[in-house]
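Trainee: Below you'll find the structure I mean.
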Amino acid sequence: MSASVRIPTPLRTLTKGVSEVNVDASTVRDMIDALEKEFPGARERLCEESGEIRRFVNVFVGDEDIRFLQGLDTPLPDGTQVSIIPAVAGG
Amino acid sequence: MGAVLGLRCRECSREYPAEPLHVCEFCFAPLEVVYDYDAIASQISHASIAAGPRSMWRFAPLLPGGENRVDLGAGMTPLVRAPRLGAELGLRDLWLKNDTANPTHSFKDRVVSVALTVAREFGYTTVACASTGNLANAVAAHAAAAGLEAYVFIPADLEAGKVVATAIYGPRLIAVKGTYDDVNRLCSEIAGEFEWAFVNVNIRPYYAEGSKSLAFEVVEQLGWQAPDHVVVPIASGSLLTKIRRGLDELVRVGLIDGHSTRISGAQATGCSPVAAAFKSGTDHIRPVKPQTIAKSLAIGNPADGYYAVKAARETGGAIDDVSDEEVVEGIRLLARTEGIFAETAGGVVIATLKRLCDAGVVHPEERTVALITGDGLKTIEAVASAAVPTMTIKPRLEEFAARVKEKE
């Protein structure tokens, strides 16, 4: 299963400036493992020590925040677009 | 940049130079502006502030941005006593900070004046924002006055008044089919690709500082006394967090000796992730899909919600939420007792204040300040069916006299 992951600006130092990467993963958890393998250090940036996604990191599968889906267990159908986006305020 | 030393991560304390950055590159937590408070303390006094402009910029040493300001005159809005509303709620010392009196009729003029001043210093010629409406109005107006290009992104279902009061200033106004959270997400992605000053994305640490001026002004207008209790509307949670920071900074630079202000927050039940976290005793904010007439507060995934909960808890305040019916009743109550017509966010604040009074959270003797952050003319849809002529008559004295008698 392949998913296309959009990398946010603060993480592009790890990806050498690349803004979109393809990973083989069937869930969000797998995707983080795959990112860590390809870009060592990625997990520590995205996840708490407990393994949960950090408070200020939003992960979207398609158009939906994974907190409305199954969190780290959210499945990634083949060809899914995943976006990692830092939380931003507004109003 | 005034007395700004740089930026610091609110979670892991990593430091960054004063650049257009908004999240920590390591842990993605928000960055906050760091000042040289000793330098500020030596150049600010009650007298220097009194001699300053009648705008938020009288507090310039405590804000980012230099002398070349983008300034339509935001701030120094009236702080008025509210005896009639107080009597209805059982409060003996209630005050209203009337921020409808800003250039584009909401408190967002404060944050935008700072954001665009800083954006221009960074050399940007295009500014942008994601907005629930008030920010859109403020960005479009300030950009027009400063001759900056503006891209303004709004949810497509926004109130007509807010669309018109943005488009009239001539920005590129992009209506996005989705909620504010969808718009915000899109803008985060756009911000990564375009070299623009996104006021609530890459300029956010500076932008958010503008909200402190509300706290500064309230304290100055009360004769350099901090209030006992402040009630603040919550959308992203940034305003509430900055009210506390503003009060703390006044102590830090010696303008007041101390404060024990309780800070309470107000949400609409149809979008109340921060109130829900407060009430359930956690600091974990569960995002929601907003469903409320209070569109200016309809942020389902509030970035500063965590800090708002913390501020309310640590200051002894509370966060509560009210139904849309209570919001409308709050708008009407404020208007008929104090002559101030607030937008839905103001209705949320007044209705929540009522609830907190009934619950004994706000005490009758406390000097309480409610923040009225936006003008009712922006959201007339919310109250249009409840605010209609008493009667419609022919232009004849007899008919009027007869109908008035009937009414009595």
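The values are calculated or read from the model by the stated rules, or taken from the named source; none is laboratory data. These numbers were taken from a predicted model, which means no experiment stands behind them. Note that each Cβ is placed from the backbone with ideal geometry, even for glycine, and that neighbours are counted across all protein chains shown.
Trainee: Starting from residues that are within 22 Å of A:ARG12 (Cα to Cα) and among the small types (Gly, Ala, Ser), keep the ones in segment B:176-208 and report whichever is modelled with the lowest pLDDT.
Mentor: This residue is B:GLY192.
Trainee: Of everything in segment B:103-151, what is among the β-branched types (Val, Ile, Thr) and either in contact with a Lys or Arg (Cβ under 6 Å, 6 or more places away or on another chain) or surrounded by fewer than 24 Cβ atoms within 10 Å (Cβ to Cβ) (or both)? Give them in sequence order.
Mentor: Within segment B:103-151, B:THR117, B:THR125, B:THR126, B:THR132 meet the criteria.
Trainee: Just checking, does segment B:183-195 include any residue being in contact with a Ser or Thr (Cβ under 9 Å, 6 or more places away or on another chain) and more than 9 Å from every other protein chain (Cβ to nearest Cβ)?
Mentor: Yes: segment B:183-195 contains one or more residues that are in contact with a Ser or Thr (Cβ under 9 Å, 6 or more places away or on another chain) and more than 9 Å from every other protein chain (Cβ to nearest Cβ).
Trainee: Now for a different question. For segment B:367-408, what are the residues that are over 26 Å from the mean Cα position of the chain (by Cα), of a type in the set (D, E, K, R) and under 28 Å from B:PRO83 (Cα atoms)?
Mentor: B:GLU408
Trainee: Something else: Please identify the pairs in which a residue from segment B:128-146 that is over 16 Å from B:ALA156 (Cβ atoms) has its Cβ atom under 7 Å from the Cβ atom of a residue that is among the basic types (Lys, Arg) and surrounded by fewer than 24 Cβ atoms within 10 Å (Cβ to Cβ), counting only partners at least 6 apart or on another chain.
Mentor: Taking only residues 6 or more apart or on different chains, the pairs are B:ALA146/B:ARG120.
Trainee: If B:VAL309 passes every condition in (1) away from every other protein chain (no Cβ under 14 Å); (2) part of a helix (DSSP H, G or I); (3) in contact with a helix residue (DSSP H, G or I) (Cβ under 8 Å, 6 or more places away or on another chain) but one, which one does it miss?
Mentor: (1)
Trainee: Still on this structure, please answer the following. Among the residues that make up segment A:54-61, is at least one of them over 30 Å from B:ALA345 (Cβ atoms) and either at the interface with another protein chain (Cβ under 9 Å from one of its Cβ atoms) or not in a strand (DSSP E or B) (or both)?
Mentor: no
Trainee: Filter segment B:229-254 down to residues that are touching a Gly at 6+ places or on another chain (Cβ under 6 Å) and more than 12 Å from chain A (Cβ to nearest Cβ), then give me how many there are.
Mentor: Adding up the residues that qualify gives 2.
Trainee: A further question on this structure: For segment A:46-62, state whether one or more residues are buried (at least 17 other Cβ atoms within 10 Å of the Cβ) and among the charged types (D, E, K, R).
Mentor: yes
Table: residues versus (1) more than 25 Å from B:ARG286 (Cα to Cα); (2) more than 14 Å from chain B (Cβ to nearest Cβ); (3) in a strand (DSSP E or B).
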residue: A:ALA3; (1), (2), (3): yes, yes, yes
residue: A:LYS16; (1), (2), (3): yes, yes, no
residue: A:ASN22; (1), (2), (3): yes, yes, yes
residue: A:ASP30; (1), (2), (3): no, yes, no
residue: A:ALA34; (1), (2), (3): yes, yes, no
